[in-house]
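Here is the structure we will look at, set down as structure tokens.
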Amino acid sequence: MYDMYQLFLLGCSVAPMMDWTNNHFRTLARLISKHAWLYTEMIAAETIVYQKDNLDRFLAFTPEQHPIVLQLGGNNLENLAKATQLANTYGYDEINFNCGCPSPKVAGHGCFGVSLMLDPKFVAKAMSVIAANTNVPVSVKCRIGVDDHDSYNELCDFIYQVSSQSPTRHFIIHARKALLNGISPADNRKIPPLKYEYYFALRRDFPDLRFTINGGINGVDEVNAARTEGAHGVMVGRAAYHNPWNTLGHVDTVVYGAPHSDLSRRQVLEQYQVYGDSILGKYGPNRPNVRDVVKPILGLFHCEPGNGLWKRNADAAFQHCTTLKAFFEETLVAIPDSVLDSTVAEAPSSCIDKFANSKNLLPPPYTTSEQDILYAEMV
């Protein structure tokens, strides 16, 4: 299993996104790509602990979703241990710890998420606790800094302390710092500049660790460009959600070398309909409802003829359709058969130099000594 884990790390993953990478989206994503790593949305450890009699709602997934990673959030070691134990039954391929979410609800008031980057000693303890309660690999997803704590050396101190004091060997690096001054999560994905050079410097300075690059990567051509420059793994975020057909549709062939699939959008929707109608109302009246289950497929016809009309039809159909079958019968008339029945087009050109200049901007090598860090821990 570990060899397979290493193999997949060299490829492409879909970022954990709150309210987006739920079971509905992951089902759609796996229908389009058989190989991309899928992450759950962040689930607070407290949610798992307090909902232990209702865990399927939060943790269940079908076997087809492998390889899949559970992302935990929290700042209570006891709850992180209990949540990990409860999640073990479901058979995730990796447990990831969120040290990157800048949402005021998560990171505000020193709670958890990206605020934890300011306390690497605690993160190391948390990772040790998580690792001690599972048999699968563990990882950390973080930013490159927080507010004024954004120097390369401070990032390295975080990586060094967490990796040297816990079993963590895999870090997913969102190559922007986070600003905790009240700006929205959306602005935190736009305002702080991307510094891919920090990622490649980590590759240089921590050769025994594995790093996945994240942030501003919008298609399979950019995934391959990052891999060409030496990225261990590449994580795609909102592009995979807003345009799944033309993003995830190329991953298996271009990144993993699989044969071209003859799957069409119509076939994907037929399979998704079976899933959707089976889960409607499973967790109570209207939980989930048609709108919830349809949400992940609203980008399936991105930039295609009929897309605008289809979305207008969808808005009307949400008011009265109670099954996906009825929803599709009413709305898909807007999409030409040529779009529904076509397979994924040729992959875009990989002649992208998005990351090429990063290696010319590398910061000086990490210089803080082990003795300095040990002294800092004691102060």
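Please treat every number below as a calculation from the coordinates, not as lab data. Bear in mind the structure is a predicted one, so any value in this text is a computation, not a measurement. Please note: Cβ atoms are built from the backbone with ideal geometry, for glycine as well, and neighbour counts cover all protein chains shown.
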With R₀ set to 35 angstrom, the calculated FRET efficiency between the beta-carbons of HIS66 and ASP148, to the nearest 0.05, is 0.30
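Count neighbours as other Cβ atoms within 10 Å of each site's Cβ, and list the chymotrypsin sites (Phe, Trp or Tyr not before Pro) in the range 164-228 that are DSSP loop with at most 15 such neighbours.
none
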FRET efficiency for TYR90 and ALA356 from the Cβ-Cβ distance with R0 = 35 Å, rounded to 0.05, comes out at 0.30
Between SER164 and SER278, the two model label points (7 Å from Cα along the beta-carbon direction) sit apart by a distance in nm of 5.0
In whole Hz, the Karplus estimates of ³J(HN,Hα) for the range 38-54 (6.51, -1.76, 1.60; θ = phi - 60°; x where Gly or Pro) are 10, 10, 6, 5, 4, 10, 5, 4, 4, 4, 5, 5, 7, 10, 4, 8, 9
Candidate cut points under trypsin sites (Lys or Arg not before Pro) in the range 47-128, DSSP loop plus at most 14 other Cβ atoms within 10 Å of their own Cβ, are LYS52
If R0 = 25 Å, then GLN271 and ALA186, at their Cβ-Cβ distance, give a FRET efficiency to the nearest 0.05 of 0.20
Summing -39500 (n - 2.57) over every DSSP H run of at least 4 residues in the chain and dividing by its residue count gives a helix-only mean residue ellipticity at 222 nm, to the nearest 500 deg cm²/dmol, of -11000 deg cm²/dmol
Using alpha-carbon coordinates alone, the radius of gyration and Dmax of the range 163-234 in Å work out to 13.5, 37
Looking only at lysines whose Cα falls under 21 Å of LYS125's and that sit 8 or more positions away or on another chain, we get LYS82, LYS141
Set LYS34/LYS121; LYS190/LYS359; LYS311/LYS354; LYS121/LYS177, cut-off 26 Å on Cα-Cα distance; pairs above it are LYS34/LYS121; LYS311/LYS354
